[in-house]
1. Can you list the helices (runs of 4 or more DSSP H) found entirely within the stretch 199-306 that contain at least 3 residues being farther than 30 Å from residue 597 by Cα and open to solvent by less than 10 Å² (accessible area, probe 1.4 Å)?
2. Kindly indicate the residue of the stretch 161-192 that is over 22 Å from residue 109 (Cβ atoms) and open to solvent by 40 Å² or more (accessible area, probe 1.4 Å) and also modelled with the highest pLDDT among those meeting that condition.
3. Return only the number of the condition from (1) in contact (Cβ under 8 Å) with a residue 12 or more places away in the chain; (2) open to solvent by 60 Å² or more (accessible area, probe 1.4 Å) that residue 27 does not satisfy.
4. Being open to solvent by 60 Å² or more (accessible area, probe 1.4 Å), without any contact (Cβ under 8 Å) to a residue 24 or more places away in the chain and not hydroxyl-bearing (Ser, Thr, Tyr) is the filter here, so list the residues in the stretch 570-583 that pass it.
5. Just the residues that are surrounded by fewer than 24 Cβ atoms within 10 Å (Cβ to Cβ) and within 24 Å of residue 638 (Cα to Cα), please, taken from the stretch 110-128.
6. What helices (runs of 4 or more DSSP H) lie completely within the stretch 1-110 and have 1 or more residues being within 26 Å of the chain's Cα centre (by Cα) and over 21 Å from residue 738 (Cβ atoms)?
7. Could you give every pair whose Cβ atoms fall below 8 Å, whose first residue belongs to the stretch 255-271 and is within 23 Å of residue 410 (Cα to Cα), and whose second residue is open to solvent by 10 Å² or more (accessible area, probe 1.4 Å) and among the charged types (D, E, K, R), counting only separations of at least 6 or pairs across chains?
8. Go over the candidates 129, 98 one by one and state the one that is modelled with pLDDT of 90 or more and under 22 Å from residue 201 (Cβ atoms).
Amino acid sequence: MLRKPLPATFRINASCQFFQDICSQLENDFRKSLETEVSDEHGEDAIRPLPWYPGNLAWHLNFSRMQLRRNQALESFHEFLKRENEVGNITRQEAVSMVPPLFLNVQPDHHILDMCAAPGSKTFQLLEMIHQSTKPGLLPNALVVANDVDVQRCNLLIHQTKRMCTANLIVTNHEAQNFPGCNLAKFCSETCMDEAKLQRLEFDRVLCDVPCSGDGTVRKAPDMWRKWNAGMGNGLHRLQVEIAMRGMGLLKVGGRMVYSTCSMNPVENEAVVAEILRRCGDSVELLDVSSELPELARRPGLSTWKVRDRGSWFGVHEDVPRYRKSVISPSMFPSGKGSKDIEVNTDVLDADMKDSTDMGEEGEQERNTAIDDSNNGDSAKTEEKTEVDCESGEAPTRYKKLNSTSTRTEHSDYPLHRCMRIVPHDQNSGAFFIAVLHKHSPLNENQVVDWVKSEQSIPEDKTGKLEKDLGSDKVSSEENIVPQQVVDNTNVVDGEQNGDMDSKSSKDKSSEDAKVIVDEAEKGQAGTRDRRRQQNQGRWRGVDPVIFFKDEVTIKSIVSFYGIKDSFPLEGHLVTRNPDTSHVKRIYYVSKSVQDVLELNIKVGERLKITSLGLKIFERQSSKDGSPCTFRLSSEGLPLLLPYITKQILYASAIDFQHLLQYRTIKFPDFVDAKFGEEASALLPGCCVVVLREGHQDIGSIATDPSAIAIVCWKGKTNLCVMLSPLDGKELLERISLRFGLKIPKLDKEKPNQEVTGSGEQPDCANEADDQPESKASDMEIPDAEAE
């Protein structure tokens, strides 16, 4: 089973406008055609819903991604998947990767933290959950904070979540194990605190999808057969515990945290969960969720295991050679207990941590020798040396291993059977580990002291070493596997090194964060709150600050031009990334929950490094037509604003709406409905909204109808021009053609009334595509989404 290709899977966005249309198309069109064309080769159910996913929203294909690309019979379906994925109607994601968010039991008012979020498929899934039952023009009270340590992967995360068009998301760039605590009590006296405002950043739900060795992805990434070794999991264990404990510290009392990996190694799974329970005591409970998602095949967690290190198996920590005890910690074993008489010399810690799992020739040769010895039934021996070799990590003579395998074993006292192991041969999927934890009471001081320290300074003598170590990290691939040369180097102070499940390591970001932490320590020792704020303003190099947009003249101009109703809240909800209001290009809208976090972040000295937030709602537009309003509407923000617009709005017939999407620019006299052309010419020059009238009896209620279809256009002197990306326009054109049974004629560029490129009267930036990220998913094959 492990050597068979992984079947392709995807999930439908239940909050998208065409959710019902896509479900119908899958059931009635593609399912029947695919079963007819490829059923002989791929079985009876070529495509079917995953039985355990609620609402039949997730679908399983009986062919791999490679087969999907190469099979001519699947070409139209492949194009459908690419197009719908790009516009956000579906998300390509491995089936087991969809499981952890389901066990969070997300509610519409929850604050959720995704600690290691990139590339963003799980984050997108969380956003779907909070938006699923939202009515048009309304935002949920929930909030999602998606964090990642790597700047480049944050960009991928932003691109992925941008398809959702949400005002309830904040993307941050921090090491997960050192995610900032925003507690106003530490920065402000009680007399100046407003009880009505957010006082501390805590979360109702935490998704702790930690970095792992990734052996559960061998079906998706066959290269793992060559790269994987047991030392990878051992090297990540400490980081995984640190991230999980930080997540538990940020979790509200009564909240739920899901810990997950795409590994089957108990050192990365049950051992981490046991260590969390050991440190947190009665404050945290490992939940039994066997009754949830009953159709999901799962296996119980392990209560006993051994730890492999350099070709040897150890059942208890006492059997680990002294020179390896700094690498193989007691927490890796079921009991979590170690030798009381062992003292680790921190001066040689760095040398001891350098394991032979490095990809050098010496490490590779040693690992192969251990494998050969194991196959021959012989004990793997360590060559005698007179001192510790810092490169190979081999022991001196007095520490030479006498036995390669420990005969003693341990059993954990914790109910680790409540953890879940998903294995490939149960439901033809990848492998995953999941544990659901509930926080009953606050952690006491002894439990959190280490995590408080991690937010403080790093000793100066460690800083240079830290930057050097982090600077050598490299991303090995697009898969969610931590680079092999990184996983064994776990001696960085306070867990500053953080790859994540998707190779979350970055040279520039990591060294920058090290400097930030040192700067923060200096501030804590040096000065007043005012001085701290001044330093914080420039602390996040390369990231523009988040500024509340309060230019009343501009806001009044926008409200007046579009006739925005007073019931739509604008004050405190508009933000920008440019402090100079005269040069603001884009204005973003944030929900009340995001607004509260931003205000708290300002009060505590900008501790959160925010790389993206909000929904783009207005954009500066220069034109030759002399529009009274300098800001146009954004396509992303139109669904939210549509129910509140009373001016610059038109209602088109299906045929005229179709022509606008197909030809993009049409002169007023050339519309099929002459009255519509007259109404368009009577509008003020500038941005306007065109709503599809078809299927609605009462025009006055169209804007508040969830099924209403509208696009942003530009009214010039003689024509109406669509301001929508070609990809979004093509998708929308096909959707309305299917819904209303319209035929799409071939484009005839010679007809003067069907101008494809438009006239010179278009605005300088009339196409939304001009604002798309440089790396467009449309230029690639279907994005691999979350390689988990």
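The values are calculated or read from the model by the stated rules, or taken from the named source; none is laboratory data. In this text the structure is predicted, and so the values were computed from the model without any measurement. Cβ: placed from backbone, ideal geometry, glycine included. Neighbour counts: every protein chain shown. Ligands, DNA and RNA are excluded from the accessible area calculation, which covers all protein heavy atoms including side chains. Shrake-Rupley method; radii C 1.70, N 1.55, O 1.52, S 1.80 Å.
1. 230-250, 270-280
2. Here the residue is 162.
3. (1)
4. Those that are open to solvent by 60 Å² or more (accessible area, probe 1.4 Å), without any contact (Cβ under 8 Å) to a residue 24 or more places away in the chain and not hydroxyl-bearing (Ser, Thr, Tyr): 571, 580, 583.
5. Filtering the stretch 110-128 for residues surrounded by fewer than 24 Cβ atoms within 10 Å (Cβ to Cβ) gives 110-111, 128.
If the condition is that a residue be surrounded by fewer than 24 Cβ atoms within 10 Å (Cβ to Cβ) and within 24 Å of residue 638 (Cα to Cα), then 128 is the only one that fits.
6. Working: elements: 19-25, 31-42, 65-70, 75-87, 99-102.
Ranges flagged: 65-70, 99-102.
7. 263/215; 264/215; 264/421; 265/215; 269/421
8. Values: 98 fails: under 22 Å from residue 201 (Cβ atoms).
Criteria check complete, one pass: 129.
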